[in-house]
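The values are calculated or read from the model by the stated rules, or taken from the named source; none is laboratory data. Every value quoted in this text rests on a predicted model; they were computed, and no experiment measured them. When we count neighbours, we look across all protein chains shown, and the Cβ atoms used for this are built from the backbone with ideal geometry, even at glycine.
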Amino acid sequence: MKAIFSFLITMVLCSQAQSADRKHELCDAMAQVDRTNCKAALELLMIGGPQPHEPSVFIKATSEKWLFRYQITQMSEGEPLCTVLANHLIIRRDLITRLLYTSYDDMLDFDIPELDIHETAIPGRMGEIFVDVTRRPPTDKLPMPKKDNINADIRVDILQPTAYAEWERKAVKQDCKMID
């Protein structure tokens, strides 16, 4: 009996929530600050969460190198293509770039002090950071200090939009599904 009563209450509340979320009636009885947060939360639930951030770079570490995979959408083709660079991070100056990182075999420190990145790549776990270079002083290349670790060989280039578009055009691309 208790289970049936709980089920009926849940069904009534869920049906009210589904009909009310389109009109934000669930949020109307709240204070203004809470109402704004409630409406935003309902909208996120309706669209299924935040949308993907562009541009994104997927980074995979091995004990010898960092692999930076860039997904490039071709205007004429529907399927995106990918470019993979070893120990070379290219960032577009006018956009915030999302970096998704993981490690292949060992926990490795992912340090790029010039970009204020100090993370640890863990096998089987995806990390995410956002790099905002839109307010940095103009520079094309960031020198990496020589250290006795894997990060010593990472080269970072921050490109203006036209130079970034030219790099994308000239980059060797392959099917993203074929990349390990």
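The set of residues from region 95-129 being among the aromatic types (Phe, Trp, Tyr) and not in a strand (DSSP E or B) comprises just one member, 104. Looking only at region 85-94, residues that are over 17 Å from the mean Cα position of the chain (by Cα) and assigned to a strand (DSSP E or B) come to 3 in all.
Somewhere in region 69-77, is a residue buried (at least 19 other Cβ atoms within 10 Å of the Cβ), in contact with an Asp or Glu (Cβ under 6 Å, 6 or more places away or on another chain) and either among the aromatic types (Phe, Trp, Tyr) or free of Cβ contacts under 8 Å to residues at least 24 places away in the same chain (or both)? Checked against the condition, which is being buried (at least 19 other Cβ atoms within 10 Å of the Cβ), in contact with an Asp or Glu (Cβ under 6 Å, 6 or more places away or on another chain) and either among the aromatic types (Phe, Trp, Tyr) or free of Cβ contacts under 8 Å to residues at least 24 places away in the same chain (or both), region 69-77 yields no hits at all. Applying the criterion of being assigned to a helix (DSSP H, G or I) and of a type in the set (A, V, I, L, M) to the residues of region 161-176, the residue that is farthest from residue 83 (Cα to Cα) is 163.
Does residue 119 qualify as being of a type in the set (Asp, Glu), in contact (Cβ under 8 Å) with a residue 60 or more places away in the chain and assigned by TED's automatic domain parsing to the domain that holds residue 163? No.
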